[in-house]
Amino acid sequence: MTSYRKILIIIVVFSLAAGFGGGVLFTTYRNGNLSDASGLFKQLINKESGQPRDVDFSLFWDAWKTVNEKFVDRQKIDIQKLVFGAVEGMVNSLGDPYTVFFEPDNSKKFQEEISGSFGGVGIEIGKKNDMLTVVAPLKGTPAFRAGLKSGDKILKIDSKPTNDLSVDEAVALIRGKPGTKVILTVSQNGNGQAKPFELIREKIKIPTVDWKMLEQNGKKVAYLQIYSFNQNVDSDFNKAAEEILKSDAERLIVDLRNNPGGLLESAINLAGWFVSPNKIITLEEFGDGSRNKFTSDGDGSLKTYPTILLLNGGSASASEILAGALRDNNGTKIVGEKSFGKGSVQELEKFSDGSSVKVTIAKWLTPSGISISEKGIEPDIKVEVPGKSIEERTFEIGIPGKDPQLDKAIDMLK
């Protein structure tokens, strides 16, 4: 399969995070000297390399000198923190929650999350209407067991309000050593009532793929759940797909509910199992209006099965790309609820000091040209899970008779 090093960071995964990394590694050692009477500039190097020609940067150095010469506790000035703070402020001024600067330690942690194993509470989060919002809890994690669900609003982390926090600042507060406690104050069901959730951090292993055989009215249905698109999903999915092909399954249900997304290349690779070769899987649109198209290079082995897709508000990023590709190319019906709508493209640029910038460079479109970020993916058949059944724990995802969305999909495949 072709390797694309773009990341669809869905959203950052809480402790979470399943932000999945990729990007272009480059190393540039810069030269140049600038001196001043105070001596502070003498501790800086590489100040001229990479500067744009038409930008007057004197304001920055004027502010730098003023701080150095007049700040009351000059002995406390940490030059490296000043540099990191300046870069972070520049990046944050863009107003995009998915464009983020990582200092070396946080950059390392972010890249470690690609492996699919990390410490935390197991929820994916993002910003929705400027509020910190749960995209999806990961199956089997502290957040999942506590009853957090897609759409919940996180109002406080311990005692700190979240209204002015970026996603990554929230991540830093929620993450911690396994065995330690964090309290999330959450508003559920849009009723505005705050409820505290006391969660004990664990080492989180992100699941990828499960499947089982369901039998309804004499028909055998392969029920395939895809939980995330991390670096393990390709091999796990390939194994599951081969098992399904060797089984006596007659129909297929693909469950992308609460899947926050991940690697673009995995979405394309998985789509290749369902659609014919050289079909458009997704379009990448840049700020100047130009587009790249990504096409399938699989053999469409699973295309012969009548298939239904399941989506909900926790389905984002790579999940939305896969769903859009199957609907536009195959006419695959989608059951459930509108997806989250996270369709922007990030690249990770890594710098020689270990820091990095994750920057939004484009938007994802479905093969028919629909912007995922702006529209999300609407189901063909809308089936909502009653809030009462969730509260009373009578709803169990993936269990026929206790999962109305799955029940509807099975009924459509009769």
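Computed values, structure above
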{"item": "Label-to-label distance, nm, for residues given as D78 and F60 (7 Å Cα→Cβ offset)", "result": "2.1"}
{"item": "Potential extension, D158-D210 segment - 0.36 nm per residue separation minus Cα distance", "result": "15.3 nm"}
{"item": "FRET efficiency for D407 and V91, using Cβ-Cβ distance with R0 set to 51 Å, rounded to 0.05", "result": "0.65"}
{"item": "Neighbour-count order for V135, V72, V275, fewest beta carbons within 10 angstrom listed first", "result": "V72, V275, V135"}
{"item": "Cross-link reach list, aspartates and glutamates versus K81, counting only Cα pairs under 12 Å and skipping chain neighbours closer than eight places", "result": "E103"}
{"item": "Cα centroid of segment 263-289 to Cα centroid of segment 232-248, whole Å", "result": "20"}
{"item": "Centre separation in Å (Cα based) which lies between segment 51-94 and segment 312-330", "result": "43"}
{"item": "Among the listed pairs K128/K402; K219/K342; K153/K181; K363/K414; K246/K375, those beyond 26 Å (Cα-Cα)", "result": "K128/K402; K219/K342; K363/K414; K246/K375"}
{"item": "Segment D380-I183, extension gain: residue separation times 0.36 nm, minus the distance between their alpha carbons", "result": "67.1 nm"}
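Values in this text are rule-based calculations from the coordinates and carry no lab data. This structure is a prediction, so every number in the text was calculated from the model and none was measured. Positions of Cβ are backbone-derived with ideal geometry, glycine not excepted, and every protein chain shown enters the neighbour counts.
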